[in-house]
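Heads up: the structure comes next, in structure tokens.
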Amino acid sequence: YVYPYPHVDAVIPLMSAGQLLPYLDLPFQHASPTVLKRMRRPAHAENTLARIQQWRRECPQLTLRSTFIVGFPGESDADFELLLNWLDEAQLDRVGCFKYSHVAGARANELDGAVPDEVMAQRYARFMERAAGISSARLSRRVGQRCQVLVDRVQGGEAVARSAGDAPEIDGVVRLPASAATRPGEFVNVEIIAADTYDLRARLAN
């Protein structure tokens, strides 16, 4: 987890050189400059898409995760559509979303333009559907690739592992047939053979 963005610029070369795991969790929260300004986020003037493109040019193996808020006070239909379009452009690997809710003592409680619950729910559903489609497409491109995974557990003849792009208990997993090589805590080299929305299936690489 790294923020603000100049700090990310500083760690990307280390990730590219293999000195840091190439996985970043960044608090983008929204794409609309208007909403970000109401959130009092200093990033409201940042061209985040340009930064993402630059980071990926420098470190092609980079995995990007972020979480977003829908229904923040004052979020218009246009703001939300901008967020969906931004998501399409950014093609983040891992995405989470929350519906805005009051937090005791938060300044946002005093803002006008409350978004109705039913509108918030619709936006949340549309956001998650869009994010799931992006995840499915990005994972499908990994079919046929080889990578190293860490085995977490073995159950029912199946090993459950994760790659460098899978945070434990947050992201998806890599599933493969259990064998003498797939002991918990061991690294194994695998070939990706199938993908679904969030998980990968693999077999031991020859």
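The values are calculated or read from the model by the stated rules, or taken from the named source; none is laboratory data. Small disclaimer: the values here were computed from a predicted structure and weren't measured. Glycine also receives a Cβ, built like all others from the backbone with ideal geometry; neighbour counts cover every protein chain displayed. These accessible areas exclude ligands, DNA and RNA; they are computed on the full protein's heavy atoms, side chains included. Shrake-Rupley method; radii C 1.70, N 1.55, O 1.52, S 1.80 Å.
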Subject >> Residues located in the stretch 86-101, provided they are in contact (Cβ under 8 Å) with a residue 24 or more places away in the chain and either assigned to a strand (DSSP E or B) or of a type outside the set (D, E, K, R) (or both) >> reply: Trp86, Leu87, Ala90, Gln91, Leu92, Arg94, Val95, Gly96, Cys97, Phe98, Lys99, Tyr100
Original post:
Between a first residue in the stretch 6-31 that is of a type in the set (Val, Ile, Thr) and a second residue that is part of a loop (DSSP other than H, G, I, E, B) and open to solvent by less than 70 Å² (accessible area, probe 1.4 Å), which pairs have beta carbons less than 7 Å apart while being 6 or more apart in sequence or on different chains?
Top reply: Val8/Val2; Val11/Val2; Ile12/Cys59
Original post:
Of the residues in the stretch 17-39, how many are assigned to a loop (DSSP other than H, G, I, E, B), farther than 20 Å from Ser101 by Cβ and polar (S, T, N, Q)?
Top reply: 1
Original post:
Of the conditions (1) on the phi > 0 side of the Ramachandran plot; (2) touching a Phe, Trp or Tyr at 6+ places or on another chain (Cβ under 9 Å); (3) open to solvent by 40 Å² or more (accessible area, probe 1.4 Å), Gln91 fails just one. Which one is it?
Top reply: (2)
**OP:** Residue by residue through the stretch 55-77, note down the ones that are assigned to a helix (DSSP H, G or I) and touching a residue at least 40 places away in the same chain (Cβ under 8 Å).
**Re:** Trp55, Glu58
